[in-house]
Amino acid sequence: MLNEADIGMAGVGVMGSNLALNMERHGFAVAVWDRHVEKAMPLVGGDRRIFATKTPAEFVRSIKRPRKIMLMVKAGEPVDWTIEQFKPFLEAGDILIDGGNSEFTDTMRREAALRTAGLRFIGSGVSGGEEGALNGASLMPGGALEAYKEIENIWTAIAAKTEDGACTTYVGPDGAGHFVKMVHNGIEYGDMQLIAEAYDILRRVLGMKAAELADTFARWNEGILNSYLIQITADVFRVQDTETRQPLVDLILDKAGQKGTGKWTAQVALDLGIAIPTINAAIEARFLSALKDERVAASRQIKAPQVNAWSGDGQYLVGAVHDALYASKICSYAQGFSLIRAGSDNYGWEIDLSEMARIWKGGCIIRAKLLDNIKTAYKREPQLVNLLLDEDFRAWMAGAQKQWRTSLSIAQQHGVPVPAMSASLAYFDSYRTANLPQNLTQAQRDYFGAHTYERADKQGVFHTDWNEEN
């Protein structure tokens with residue numbers, strides 16, 4: 001087995017196993033290793049060119065030079081631990097690839113340290129879950145370009161495919177790939193919360209049941225809202241609990257967790273000074289959902305607004321919610337792509353935003369028809385500072401404002417929480433407003449802290465003794 005494998009897979013949980021099977025199916029021989037040796041054995045057998053190895057030394061020596069080793073282990077310390085297991089047996093020029101959800105700053109640190117040791121390191125975002133890992137994911141590799149060239153044929157083979165090609169591309173140096181994957185996950189948070197809010201309006205204001213909701217979301221998936229998340233939402237509404245024969249979704253507890261990438265997105269946005277209110281609202285909605293006992297207690301003490309049952313045109317409201325969802329979604333993506341641009345500028349990565357939209361069109365969780373329009377917008381104007389300024393998006397948003405505002409107004413009158421949709425509308429209104437009220441904020445800061453201010457009518461930095469002026 002010496003030097004027979006084209007690539008090694010370290011960590012063969014669900015994702016690592018499926019990626020190894022995907023690689024083997026596309027003609028690559030794969031060596032596999034796991035600290036729990038027995039996990040590797042089910043992958044071996046038949047005509048598969050997958051080799052199970054028992055020790056780090058055997059694993060490394062089974063791979064062709066320059067060795068390419070993908071790590072599919074838990075982010076954080078386990079990545080560093082796994083690298084240390086292999087380092088004694090690696091040679092100059094060998095390539096380690098971290099395919100987990102690592103924090104991009106960790107990837108930057110590892111890439112620099114391994115480069116000093118003569119080794120090459122790639123941080124590759126992988127989106128698509130276990131299905132994508134097996135049948136084609138969206139892959140976001142970052143690191144040295146010459147290292148990416150060594151794995152490009154494998155990544156192109158195992159990526160999802162659309163009419164625009166394989167859903168992978170070189171993202172940029174060191175931590176660029178994991179940065180983009182982090183923002184991808186933040187956008188995913190926003191998408192999921194926006195869909196949940198649309199569902200909440202339809203069920204609580206219009207009283208729509210699961211079967212009707214399934215038909216509505218399936219119909220939406222045939223138009224501009226076409227996406228993986230809308231598709232699976234329709235599917236979810238159709239599933240019945242085998243015991244009670246009730247819609248399963250109605251029996252699921254309303255508590256949602258999060259694994260960290262959403263929080264990282266919010267923290268990095270604060271560091272870079274980029275507003276991502278829709279994504280922040282989605283993260284905070286999960287925090288609030290976790291307060292189940294408090295919310296149940298509060299619901300008994302704080303009453304909902306007393307309004308009459310909806311008596312208007314139900315189909316109009318369904319259409320208004322559709323437009324509110326799409327408009328809010330555009331704002332969420334505008335925020336995410338603005339954050340990628342800011343990260344790229346800050347770290348000198350030169351990320352091609354049109355390419356990021358292209359590689360998200362297939363395989364990944366946020367794949368959507370909308371990404372075609374985003375790809376076109378950045379192709380048309382690579383230096384576009386915000387998606388809301390693109391001519392096509394600008395025109396569509398202008399036509400959707402009435403329905404967007406109407407649906408949110410009705411939701412708020414009925415006491416239906418719509419934090420992410422409201423945040424999107426506030427973002428839109430703030431971005432299109434020439435004069436915001438932060439002139440007063442600056443005056444207040446100067447009053448209590450002598451922080452100074454600029455003036456709109458002349459150049460310079462000013463301070464006023466506000467007490468003397470009273």
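The values are calculated or read from the model by the stated rules, or taken from the named source; none is laboratory data. Keep in mind it's a predicted model, so treat the numbers as computed, not measured. As a convention, Cβ positions derive from the backbone with ideal geometry for all residues, glycine included, and neighbour counts pool all protein chains shown. In case anyone asks, the SASA skips ligands and DNA or RNA and just uses the protein heavy atoms, side chains included. Shrake-Rupley method; radii C 1.70, N 1.55, O 1.52, S 1.80 Å.
Tabulated values for the structure
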{"read-out": "Region 130-189: translational diffusion in µm²/s, Stokes-Einstein, Kirkwood Rh over Cα pairs, 4 °C, 1.567 mPa s", "value": "108 µm²/s"}
{"read-out": "Linear extension gain, ARG25 paired with GLN267, 0.36 nm per residue minus alpha-carbon span", "value": "83.2 nm"}
{"read-out": "Point-charge dipole on Cβ atoms (K/R +1, D/E -1) for region 359-461, about Cα centre, debye to 20", "value": "320 debye"}
{"read-out": "Whole-number percent relative contact order across the chain, with pairs defined as alpha carbons under 8 Å at least 6 apart", "value": "13 percent"}
{"read-out": "Residues LEU436 and ASP457, FRET efficiency given R0 of 25 Å [Cβ-Cβ distance, rounded to 0.05]", "value": "0.90"}
{"read-out": "Unit charges on C-beta of K, R, D, E only; dipole of region 271-349, Debye", "value": "260 debye"}
{"read-out": "Using a Förster distance of 51 Å, the FRET efficiency for GLU350-ARG300 (Cβ separation, nearest 0.05)", "value": "0.35"}
{"read-out": "Tail weight of P(r) past 15 Å, computed on alpha-carbon pairs of region 301-345, percent", "value": "67 percent"}
{"read-out": "Heavy-atom surface of region 381-470, accessible at 1.4 Å and reported per residue (Å²)", "value": "64 Å²"}
{"read-out": "Inter-probe distance in nm under a simple model that places probes 7 Å from Cα toward Cβ, at LEU145 and ARG109", "value": "2.9 nm"}
{"read-out": "Mean-position separation - Cα centroids, region 215-234 and region 409-470, in angstrom", "value": "38 Å"}
{"read-out": "Solvent-accessible area of VAL296 with every protein chain in place, 1.4 Å probe, in Å² to the nearest 10", "value": "50 Å²"}
{"read-out": "Order by protection proxy (mean Cβ within 10 Å, highest first), peptides 188-200, 312-324", "value": "188-200, 312-324"}
{"read-out": "All-pairs alpha carbon distance profile, the chain, 10 Å steps from 0, percent", "value": "4, 18, 25, 22, 17, 9, 3, 1, 0"}
{"read-out": "Percent RCO, i.e. relative contact order, over region 268-413, from Cα pairs under 8 Å lying at least 6 residues apart", "value": "30 percent"}
{"read-out": "Debye log10 I(q)/I(0) for region 1-114, one point scatterer per Cα, at q = 0.13, 0.22, 0.24 Å⁻¹", "value": "-0.43, -1.26, -1.47"}
{"read-out": "Over the chain: helical MRE at 222 nm, DSSP H runs n ≥ 4 each giving -39500 (n - 2.57), nearest 500", "value": "-17000 deg cm²/dmol"}
{"read-out": "Volume of the Cα convex hull of region 313-407, divided per residue and given in Å³", "value": "99 Å³"}
{"read-out": "Partners for LYS64 among lysines (Cα-Cα distance below 19 Å; same-chain residues under 8 apart left out)", "value": "LYS54, LYS87, LYS149"}
{"read-out": "Residue-span extension gain [ALA57 to ALA211] - 0.36 nm each, minus C-alpha spacing", "value": "49.8 nm"}
{"read-out": "Highest-first arrangement of 262-272, 233-243, where packing means the average Cβ count within 10 Å", "value": "262-272, 233-243"}
{"read-out": "If the convex hull is drawn through the Cα atoms of region 98-206, its volume per residue in Å³", "value": "115 Å³"}
{"read-out": "Per-bin percent of Cα-Cα distances, region 345-470 [5 Å]", "value": "2, 8, 11, 12, 13, 13, 12, 11, 10, 5, 2, 1, 0"}
{"read-out": "Longest to shortest principal axis, alpha-carbon extents of region 71-151, angstrom", "value": "35, 27, 23"}
{"read-out": "Proportion of all alpha-carbon pairs of region 223-324 beyond 21 Å (%)", "value": "64 percent"}
{"read-out": "Listed peptides 118-124, 410-416 by packing density, highest first (mean Cβ within 10 Å)", "value": "118-124, 410-416"}
{"read-out": "ARG394-HIS36 FRET efficiency (beta carbon distance; Förster radius 51 Å; 0.05 resolution)", "value": "0.40"}
